[in-house]
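Below is one structure, written out as structure tokens; the observations come after it.
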Amino acid sequence: MTEHIVMVGALNADLAIRVERLPAPGETVAGRDVQVLPGGKASNQAVAAARLCGRVRLVGAVGDDENGRMLREHAAAAGVDVAHVAVLPGVATGQAIIPVDDAGENAIILVPGANGAIAPDDIPVEAYLDAAIVCLSLEVPMPVVQRAAARAAAAGARVVLNPSPYRSLPASLLDATDVLIVNELEAGQLLGTPIDLDADGIAALRAAVAPRGISQLVVTRGAQGALAVDGGAVAEIAATRVEAVDTTGAGDAFTGALAVGLAAGRSLPDAAAEASLVAAFSTTRRGAQPSYPTAAELADLRAAGVH
């Protein structure tokens, strides 16, 4: 692979806390096994893609602090180009507080820090040189996302948008998007009403984004797999059955792996099937980035007949 995959968005230090169960509103529960781990949607996606032998460039911002150094070093060690991760003085690196229960489910509280302080002009146009795929998410200010989408489109890259955490999407951002990745909740937020992922629901989602020129959609469904919509064709991607211990960052693993597949020229359904396997594998280990498989581990899974 000679062209880059560029991930634009957040880098967070994840404060992961094991709990027996997630607390109800107003309830106190005991935690254990507190860890500070590398995270953030763009950082997670970049590491997931790099471990699968993608040529990855990460674009975002950290503070001039220990968490920022940890995030840059960890991504670089995975093979990610971090030259375009800005270090902002006087601002703390973003953090996420993540309780994870014994069933592997989690809740996430984001403290934006440097992710919220980054400005469009902090990202030079050189970040998009030789880009085949540019992945965007919404943990950084919308003007940054819009500028990135415009520059990616100008560079001839395919723009992959994961609108998470969901916000109202400007028309210009949707116009620049080639592939949209949403979960069932985000699909409903996009339409303004909850939907069922049956034929009528998918048709409504396609109709909502078709005027913006988006013909490729992926709807992730967790343990139920995913749907890959390419024009008028809908492919159902079965989930790999695993014993999940931590679902943190599984969606980012999916996006990173999907980007690798698309950059390699695979069809959307084929890339989504591989991404589903990567995401499932990631839930069998604790943490986000530490859970992502290498290309060799993925090859071993295929050799063992896991799909």
Pick out the one residue from A152, A207, A171, A203 that is of a type outside the set (S, T, Y) and surrounded by 15 or more Cβ atoms within 10 Å (Cβ to Cβ).
-> A152
Taking segment 100-114 as the search range and keeping residues that are at pLDDT below 90 and touching a Leu at 6+ places or on another chain (Cβ under 7 Å), which one is surrounded by the fewest Cβ atoms within 10 Å (Cβ to Cβ)?
-> A107
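How many residues does segment 274-307 hold that are assigned to a helix (DSSP H, G or I) and under 16 Å from the mean Cα position of the chain (by Cα)?
Qualifying residue count, segment 274-307: 12.
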Looking at A117, is it surrounded by fewer than 20 Cβ atoms within 10 Å (Cβ to Cβ), over 16 Å from the mean Cα position of the chain (by Cα) and farther than 19 Å from F254 by Cβ?
-> yes
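This table checks each residue for (1) touching a Leu at 6+ places or on another chain (Cβ under 8 Å); (2) part of a strand (DSSP E or B); (3) at pLDDT 95 or above; (4) under 23 Å from A127 (Cα atoms).
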residue	(1), (2), (3), (4)
T2	no, no, no, yes
I5	no, yes, yes, yes
R18	no, yes, no, no
T28	no, no, no, no
A42	yes, no, yes, yes
C53	no, no, no, yes
L58	yes, yes, yes, yes
V62	yes, yes, yes, yes
M70	no, no, yes, yes
From V144, V140, V134, V159, which residue is part of a strand (DSSP E or B), in contact with a helix residue (DSSP H, G or I) (Cβ under 6 Å, 6 or more places away or on another chain), among the aliphatic types (A, V, I, L, M) and under 15 Å from K41 (Cβ atoms)?
-> V134
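The values are calculated or read from the model by the stated rules, or taken from the named source; none is laboratory data. All of these numbers come straight from a predicted model, not from anything done at the bench. For neighbour counting, all protein chains shown are included, and Cβ atoms are generated from backbone atoms with ideal geometry for every residue, glycine included.
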